[in-house]
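Inspection log for the structure reproduced underneath, given as C-alpha cells.
The values are calculated or read from the model by the stated rules, or taken from the named source; none is laboratory data. Fair warning: this is a prediction, and the values are worked out from it, not measured in the lab. As a convention, Cβ positions derive from the backbone with ideal geometry for all residues, glycine included, and neighbour counts pool all protein chains shown.
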Amino acid sequence: MKAPVPAFLLILLTAAATTAVVLPVATAQSAAEPLPAPASAPRVQAEPLVSGLPDFTRLVEQVGPAVVNIETVIGTRTAQRGQQSSPDDEQIPEIFRRFFGPGFQMPGPGQSPGAPRGGRSMGTGFIITADGYVLTNHHVIDGADEVKVRLSDRREFDAKVVGSDQQSDVALLKIEASGLPVLGTGDGASVKPGQWAVAIGSPFGLDQSVTAGIVSAVGRANPYANQRYVPFIQTDVAINRGNSGGPLLNTRGEVIGINSQIFSSSGGYQGVSFAIPIDVAMNVVEQIKTTGEVRRGQIGVQVQGIDREQASGLGLPDTRGALVADVVAGGAAQKAGIEPMDVIRAVDGVAINQSSDLPPLIGAKAPGTRVKLTVFRGGREREVNVTLTQLDESAVAGAPSQTRPATPGQSASNALGIVGQDLDAAQRRQLGLAAGEGVRIVRVDGLAARSAGISPGDVILRVGSTPVGTAANLDRELRNVKPGQTVMLLVRSGGGNQYIAVTPREGDE
C-alpha cells in the first residue's frame, strides 16, 4: 500500500502533469503554423485589488517629520540597579539574540534593544511648537542625566526638561531650534470607539515605525496603573517598548493622545494599548509653562463602584455613580456635608457612570473651584456645593495593617453570623482609626457574609450609615436583619474602606 502524499506535494504534482500535456500541443501548433508575435500595447496601471480601506501614506508623509526619537542617559546608580538580572532574561526569543548579538538583554520600558540596561533608554516624542517644545512621557525621561532629541532628518539636539508630571505621565522638553515641523492637536472629547487611529514611534529603537488600528474604548481607567486622574484612550494599535511618548493620531493627522502603556503578560504587544488623552496632556503642559507645577483639585473622599446588590441595598434605581466609602476629616467634602454611603451621581451636570469617572473630572479642575455635586442619599437626589482643595500628590494610602492575633471573641448573636471583637486604643492607632471607631471581625459563620467577602481581620466601621464601635453595637444593628434584606457594611480591609452588600437568604448557616 502506498503511503499517502502530503497535500503540498499533491499541488506540485498536479501542476507538473498539466505542463506535460500542454507542451506537446503547443509544439505541434508551432510546427504547422508560426504563432504571431504579441502586439505591443501601452502599459496601463493596474487597479488596486482591494478598495475601500484607508491609506495612511499621505498622513505619514505630512506628520512624520514632527515625530522625534528621544534618547536618555540614566545616572550611575540607576544603571547599576538596572544591571540586575531579570526573570525574563532566560525567555528572550532567539530571533532577538541573532539580530542584536549574544549579549542582548530584553529592554525595559522605553529602552532600545542592545542598550546597556539602566544606562541608556529610548522613547518617542513629538514637536508641538515650531520653536522646539516637545512632548513625551514622564517615564521616558525620569531619572535622566542627559536627554537627546533626534529629528527624522537625523539632526540631534540636547534637550532641557522644562517639567514633568508623574501622575499623568507627561513631560515637556525644549530644544534650541526654530522653524520645526509641528503636530496639531485634535479634540479629545470627539474621540469615539471604533474610529481609526495611527501611531508613529520607535519600537525597539526602530525609528518612524507606523502602526494603525481602532479606538477600543475611551475614558478607560487602567486598573494596572496608579493614575486615577487619567481617563485613558484604549486602542488595538500595535505599541511596543520604545513607542512610549509617541503620538496617537486621527485620520486628519491630529494628535488625540500620547501612547503610554500596554497591557501585556509577555512584555510585548497583545492588542491592548493605552494613550493619555491630548486634552489632559495639554492641560499639564499649560500648567508647567505657567507655574512650573501641576495642581489638581480634590473633594476629599474615597469612592468605590456599585454592583446590583449594593444598588438594591442603597435604594438606587441603577448602578450608576460613585459610592462614598470614606470622607477625609476636615476636607472639602466633609465641610460640605458629604457622608459615607452617599452616592455621587453627577458633577456640574456631567453624569458619573462609574466610580473611575470621578477622579479625572475633579482632578482636571483647579483648587478653589466651586462645583455642584448631585448626591443620592436616603432615597432621593440633592445638590451639594463643594469648593475644591488642592490634591496632595505625595499622599499615599496606608499599607495593609498588620494587627495582633485576635483573642477568642464572643458568640455571634446577629443575623449575618459575624463575630466581632472590641478594639483597644493601640489597635485603633495602628489601623488609623479614631477613638471608639470600628469592630474587628474574628470569625464569620454566616454563608452570605462569607460569600460577600467579609473575612476575619477586617474591621466593620458602619452598618449602613450608623457607626459601630463595639461588638455589642454591631450585634444590635444586625440582629433584626431578615432573609432577603440587603445590608450595607462599611469595611476597612487592606488599608482602605469599602461598602460591601450582604443579603442573607433563608436557611443560611
Of the residues in the range 362-380, how many are not basic (K, R) and not in a loop (DSSP other than H, G, I, E, B)? 7
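Just to be sure, is F204 part of a helix (DSSP H, G or I) and either outside the structural domain of T72 (by TED's automatic domain parsing) or not polar (S, T, N, Q) (or both)?
yes
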Anything in the range 451-509 that is touching a Ser or Thr at 6+ places or on another chain (Cβ under 9 Å) and of a type in the set (S, T, Y)? List them, or say none. S455, T486, S493, T503
Please specify each residue of the range 200-219 satisfying the condition of being in contact with a helix residue (DSSP H, G or I) (Cβ under 8 Å, 6 or more places away or on another chain) and either hydrophobic (A, V, I, L, M, F, W, C) or closer than 19 Å to S168 by Cβ (or both). I200, V210, G219
Of these, I306, I344, which one is in contact with a strand residue (DSSP E or B) (Cβ under 6 Å, 6 or more places away or on another chain), among the β-branched types (V, I, T), part of a loop (DSSP other than H, G, I, E, B) and crowded, with 20+ Cβ neighbours inside 10 Å? I306
Evaluate the range 204-214: report whether one residue or more is touching a residue at least 40 places away in the same chain (Cβ under 8 Å), surrounded by 22 or more Cβ atoms within 10 Å (Cβ to Cβ) and under 23 Å from L59 (Cα atoms). no
Residue count, the range 425-473 (criterion: farther than 19 Å from P340 by Cβ and either outside any strand (DSSP E or B) or touching a Cys at 6+ places or on another chain (Cβ under 7 Å) (or both)): 17
Filter the range 309-325 down to the residues that are part of a strand (DSSP E or B) and touching a residue at least 60 places away in the same chain (Cβ under 8 Å), then identify the one that is farthest from T129 (Cα to Cα). A325
Condition first: of a type in the set (K, R) and in a loop (DSSP other than H, G, I, E, B). Now tell me which residues in the range 147-165 satisfy that. R154, R155
Mind listing whichever residues of the range 163-174 are crowded, with 22+ Cβ neighbours inside 10 Å and at pLDDT 95 or above? V170, A171, L172, L173
Kindly provide the set of residues from the range 257-303 that are closer than 17 Å to A364 by Cβ and part of a loop (DSSP other than H, G, I, E, B), ordered by number. E293, V294, R295, R296, I299, G300
May I ask you to list the residues in the range 339-349 that are at pLDDT below 95 and of a type in the set (A, V, I, L, M)? M341
